[in-house]
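Chemist: Just passing along the structure, written as structure tokens.
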Amino acid sequence: MPIMNKDLRIIKTETAIENSFLELIEEKGFANVQLNEIAKRANVNRNTIYLRYGTKEDIITAILNKSYNRILSDLDIEKLKKTKFIRREIEKMFVTLLTSLYTEIELYRIVLTDPNLSGYIDKIVKKTRTMMFNGIKENKNNEIIINYILNGVYGIIRLWIIYDTGTIEENANVLSYLVYANMRRISFR
């Protein structure tokens, strides 16, 4: 059975709710935002928020899941799995990733700077870690190297998003070096 596209009114309502929520987080912080404020700013009934999401935690989860899925589709993970670990290919992948992140940089700046939202980024990092371990031999050495790479990549991307450190190309170059230099030490199945 084909999946039906969402009604345009639903998309507009969700966009209004999500944008209003992000604006309020930026102004007041996640902990201080109330659902009635989101509803008022989005010009919707509070019950609409309850029906579509439930809680503000569900709203931020929905926003980040949509973003994560867009980024994954931009990256074409299946193609990446078939790619050899050639530094040039790794750098292209990071250019794609950073370009995708850049289209939503305000979202990630908000999430990365609000201390009450760090758990949501941890979930994304955990999903990424799971993806990275796919096809890699499970042993202590690999675990240490993967965690080192992942934390390094996360740290560089975090600095870039929050403090605007360098261009996409400059950061992709640094990230590709970090990954390339360490992936050679991993044992594959």
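Chemist: All but one of (1) modelled with pLDDT of 95 or more; (2) closer than 29 Å to Tyr163 by Cβ; (3) open to solvent by 20 Å² or more (accessible area, probe 1.4 Å) hold for Ala16; state the number of the condition that does not hold.
Modeler: (2)
Chemist: Taking the stated definitions as given, is Ile71 more than 19 Å from Leu117 (Cα to Cα) and surrounded by 14 or more Cβ atoms within 10 Å (Cβ to Cβ)?
Modeler: yes
Chemist: Here is a list of conditions, (1) in a loop (DSSP other than H, G, I, E, B); (2) at pLDDT below 95, and Ile10 meets all of them except one; can you say which number that is?
Modeler: The failed condition is (1).
Chemist: Suppose we filter the range 19-60 for residues that are open to solvent by 30 Å² or more (accessible area, probe 1.4 Å) and within 19 Å of the chain's Cα centre (by Cα); how many remain?
Modeler: 6
Chemist: Separate question: Please give the helices (runs of 4 or more DSSP H) falling wholly within the range 76-161 in which 1 or more residues are open to solvent by 30 Å² or more (accessible area, probe 1.4 Å) and aromatic (Phe, Trp, Tyr).
Modeler: Passing ranges, in order: 87-103, 118-133.
The values are calculated or read from the model by the stated rules, or taken from the named source; none is laboratory data. Remember, it's a predicted structure, so these values are computed and weren't measured experimentally. Note: ideal-geometry Cβ built from the backbone for every residue, glycine included; neighbour counts use all protein chains shown. Accessible surface areas use protein heavy atoms only, side chains included; no ligands, DNA or RNA. Shrake-Rupley method; radii C 1.70, N 1.55, O 1.52, S 1.80 Å.
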